[in-house]
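Okay, structure first, notes after.
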Amino acid sequence: MSEQLTLSAEARDRAGKGASRALRREGRVPAVIYGNNEEPQSIHVEEKLLNKLLGTGHFFNSVVMVEVNGKAVRTLPKDVAFHPVSDRPLHADFLRVSEHATVHVNVPVRFDNEDASPGIKKGGVLNIVAHEVELIVDAAEIPDDVIVDLTGLDVGESIHISAVKLPKGAKAAHDETDFTVATIVAPSALKSAEGDNETPAEGA
């Protein structure tokens, strides 16, 4: 399960571009907490700390306790806007959630047991269609990843979401389409070799 992250923040009294620019000059990032039938709350957080949490790799599928003036607010990060050139965070959005709220989160897909896939052993290539899957899950039970077992998968075969064992209590958000998560494809070199074998020899 994804660990709970903590981010200290301060309430933001002034809005507008000028105020936001002033905050960024001080190494702070303007942000907002919204949702759960409460008024949006403007805050600002330390840029270094936000970058540290972004660097964990699971920031967007973790519960983040945002501590505003000593009061902890349970949230899910929904968006971070970055500067197009410097890549510095410019603004962050956090959604308030209750402890056992049902939430939609994008969870990374992890592929296991490549050595047990006959297709990969033959030189086939794992073609990943979905690098992450949107899950509907209890906010207290968000998984770190969705594990796809490649055991027995041969060249030309696909794994659909219906065949993936999802974490307990989780449901794929778009499972009605039974979308493809990954396929095993023959490498181009293998395809050309097969094509060459089918070409009749000259003078035959």
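The values are calculated or read from the model by the stated rules, or taken from the named source; none is laboratory data. Predicted, not measured: the structure shown is a model, and the values here were computed from it. All Cβ positions, even for glycine, are placed from backbone atoms using ideal geometry, and neighbour counts span all protein chains on display. Only protein heavy atoms, including side chains, enter the accessible area calculation; ligands, DNA and RNA are left aside. Shrake-Rupley method; radii C 1.70, N 1.55, O 1.52, S 1.80 Å.
Residue-wise, which Karplus ³J(HN,Hα) couplings in Hz belong to region 102-114, taking 6.51 cos²θ - 1.76 cosθ + 1.60, θ = phi - 60°, and x for glycine or proline?
8, 10, 9, 9, 8, 10, x, 9, 10, 9, 10, 6, 4
Using 7 Å Cα-to-Cβ label points, what is the Arg21/Lys52 separation (nm, one decimal)?
3.0 nm
Where the only charges are on Cβ atoms (+1 Lys, Arg; -1 Asp, Glu), what is the dipole of the chain about its Cα centre, to the nearest 20 debye? It would help to have the intermediate numbers written out before the result.
Details: 21 positive and 32 negative charges, 263 e Å.
Using only the charged Cβ atoms, the result is roughly 1260 debye.
Among Ala186, Leu76, His131, pick out the residue whose Cα is farthest towards the positive end of the charge dipole of the chain, where Lys and Arg carry +1 and Asp and Glu carry -1 on C-beta, about the Cα centre.
Leu76
Would you mind telling me which residue in Ala72, Ala31, Ala172 has the biggest mean-square fluctuation in a Gaussian network model of the chain, where springs connect alpha carbons within a distance under 10 angstrom?
Fluctuation is largest for Ala72.
Return the calculated 222 nm mean residue ellipticity for the chain, to the nearest 500 deg cm²/dmol, obtained by summing -39500 (n - 2.57) across DSSP H runs with n ≥ 4 and dividing by the residue count. It would help to have the intermediate numbers written out before the result.
Values: 4 runs with 32 residues, N = 204.
When only DSSP H runs of four or more count, the value is -4000 deg cm²/dmol.
Treating the chain as a set of equal point scatterers at the Cα positions, no solvent, please give the Debye-formula log₁₀ I(q)/I(0) at q = 0.09, 0.14, 0.18 Å⁻¹.
-0.50, -0.88, -1.16
Relative to the Cα centre, what is the charge dipole magnitude of region 16-85, using +1 at the beta carbon of each Lys and Arg, -1 at the beta carbon of each Asp and Glu, and rounding to the nearest 20 debye?
Result for region 16-85 is approximately 240 debye, rounded to the nearest 20.
Could you check how much of the accessible area of region 41-172 is carbon and sulfur, as a whole percent, using a 1.4 Å probe? Kindly include the intermediate steps, with their values, before the conclusion.
Numbers: 3370 of 6770 Å².
Carbon and sulfur atoms account for 50 percent of the accessible area of region 41-172.
Report relative contact order for the chain in percent, whole number only (criteria: Cα-Cα under 8 Å, sequence separation at least 6). Display every interim value, and only then the final one.
On the way: 404 pairs, mean separation 36.5, N = 204.
Reported as a whole number, the value is 18 percent.
Taking only the alpha-carbon atoms of region 88-189, what semi-axes of the equivalent ellipsoid follow from 5 times the gyration tensor eigenvalues under a square root, in whole Å, largest first? Mind dumping the intermediate values first?
Working: eigenvalues 193, 48, 26 Å².
Gyration-tensor ellipsoid for region 88-189: 31, 16, 11 Å.
In whole angstrom, note down how far apart the Cα centers of region 16-46 and region 130-159 are.
If we compute the Cα centre of each part, the gap is 35 Å.
Separation between the Asp115 and Glu67 pseudo-spin-labels, each 7 Å from Cα along Cα→Cβ, expressed in nm?
Modelled inter-label distance: 4.4 nm.
Would you please give the residues with an amide H less than 5 Å from that of Glu134, counting only those at least 5 places away or on a separate chain, with H modeled from the backbone geometry?
Val107, Ala173
Tell me, what is the 1.4 Å probe accessible area of Ile120, in Å² to the nearest 10?
Answer for Ile120: close to 40 Å² accessible.
Write down the accessible area per residue of region 15-159 in Å², having rolled a 1.4 Å probe over the full set of protein chains.
Averaged over the residues of region 15-159, the accessible area is 52 Å².
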